[in-house]
1. Could you tell me what percent of the DSSP beta bridges with both partners in the chain are antiparallel, to the nearest 5?
2. Under 8 Å for C-alpha pairs, at least 6 residues apart: give me the relative contact order for the chain, rounded to a whole percent.
3. What Rg and what Dmax come out for the chain when only alpha-carbon atoms are used, in angstroms?
4. What 222 nm value per residue comes from the helices of the chain, counting each DSSP H run with n ≥ 4 as -39,500 (n - 2.57) and dividing by all residues, nearest 500 deg cm²/dmol?
5. Which residue, chosen from I34, L99, P78, occupies the Cα position most advanced towards the positive end of the dipole of the stretch 20-131, where the dipole is computed from +1 (Lys, Arg) and -1 (Asp, Glu) charges on Cβ about the Cα centre?
6. Quick one: Karplus J couplings for the stretch 191-206, per residue in order, coefficients 6.51, -1.76, 1.60, θ = phi - 60°, nearest Hz, x for Gly and Pro?
7. How many lysine pairs in the chain, separated by 8 or more positions in sequence or lying on different chains, have Cα atoms less than 29 Å apart?
8. Give the Cα extents of the stretch 1-157 along the principal axes, in whole Å, largest first.
Amino acid sequence: AKQLGRNNFQFYTRELNQVLTERMAIEYRLRHAIENEEFLLYYQPKIELASGRICGAEALIRWQPPDAPLVSPLSFIPIAEETGQIEKIGRWVLYQACLAANRFQRILGRPLPVAVNVSPRQFRQRDLIGTIAETLAATQIAAHTLELEITESCLAHDTPQFIKTLHGLKALGLTLAIDDFGTGYSSMAYLKDFPVDRLKIDKAFVGNLEHESTDAAILKAIIALGHSLGLKVVAEGVESGQQSAYLLQNGCDEAQGYWFGQPLPETEFCELLARSNAD
Ligand code: C2E
Ligand code: CA
Ligand code: CA
Ligand code: CA
């Protein structure tokens, strides 16, 4: 048993080293990623379930290092969050998403709400409200066209400064959504005190809908809860017609997922908008 323990230890050390090395490599390479224009935003359509029409888009970051395959945000956003690099990346995302919103508006002849993910550290930035106000002015985007998706882990920092930020963002006229709703520690508490407009139900509850009656029941309850508080309810991760039908049947307002459309590079998303506008 002792022998086994030792081997295990060596194994874990090697694993850990590998993880740390990779982490440092990512941190190092992230430093110049903005200047070198290695980031890009993909856009995934949001669908109004009742009409089947595109009613918005979520901006999702991708990283394309010059000599490596496309990197998922799941591999670098948590690191950028820890190192603080997220502040700079987040400002870039906001600016690019607003520029894109401007182009989408020109294609459609009306504004298309664009949602941006905001991470906890970014949310705690002192100058967040000022940065957003400047970005809106510079890109000539109406505040209600910009939606911020805030995860429950952001909301866990329930300090006076935090509440002030939320109200400041609302006062600017932005739309606020709780992202990954239902996966956090105390989702309900936030609903009571925070000025949010939308709930985004995490895909964990949607994926097994057909096979898990518990998930179906939870979905139904979240939709009803959201509506009784006057919030719009959006479901993410919708991958089948059956899931979409269930959500519509239970009054869910909007949906997003591979069933309706993958996240697309901006030019392809613009083509999608132009086609949908022609219908
Ligand atoms: P999220 O905000 O929950 O975004 C939804 C994720 O689900 C996206 O992954 C999207 O591509 C994926 N998805 C969309 N439709 C489906 C579907 O039908 N089935 C399944 N299984 N997945 C679907 P992605 O693009 O890899 O992003 C992962 C996470 O990275 C996001 O989760 C978000 O938390 C974070 N992220 C992405 N872009 C940004 C950003 O610009 N800033 C920050 N702070 N975080 C970001
Ligand atoms: Ca999101
Ligand atoms: Ca999610
Ligand atoms: Ca998320």
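1. On the way: 15 of 36 bridges.
The antiparallel proportion sits near 40 percent.
2. Working: 412 pairs, mean separation 50.9, N = 279.
Averaging sequence separation for qualifying contacts and normalising by length gives 18 percent for the chain.
3. 20.2, 71
4. Working: 11 runs with 141 residues, N = 279.
Result for the chain: -16000 deg cm²/dmol, rounded to the nearest 500.
5. L99
6. For the stretch 191-206, the Karplus curve yields 4, 5, 9, 9, x, 9, 9, 9, 10, 10, 6, 5, 5, 4, 8, 8 Hz.
7. 28
8. Here the Cα extents, ordered largest to smallest, are 70, 37, 37 Å.
Coordinate-derived values only; no laboratory data. Note that the structure is a prediction, hence the values are computed from the model and not measured. Note: ideal-geometry Cβ built from the backbone for every residue, glycine included; neighbour counts use all protein chains shown.
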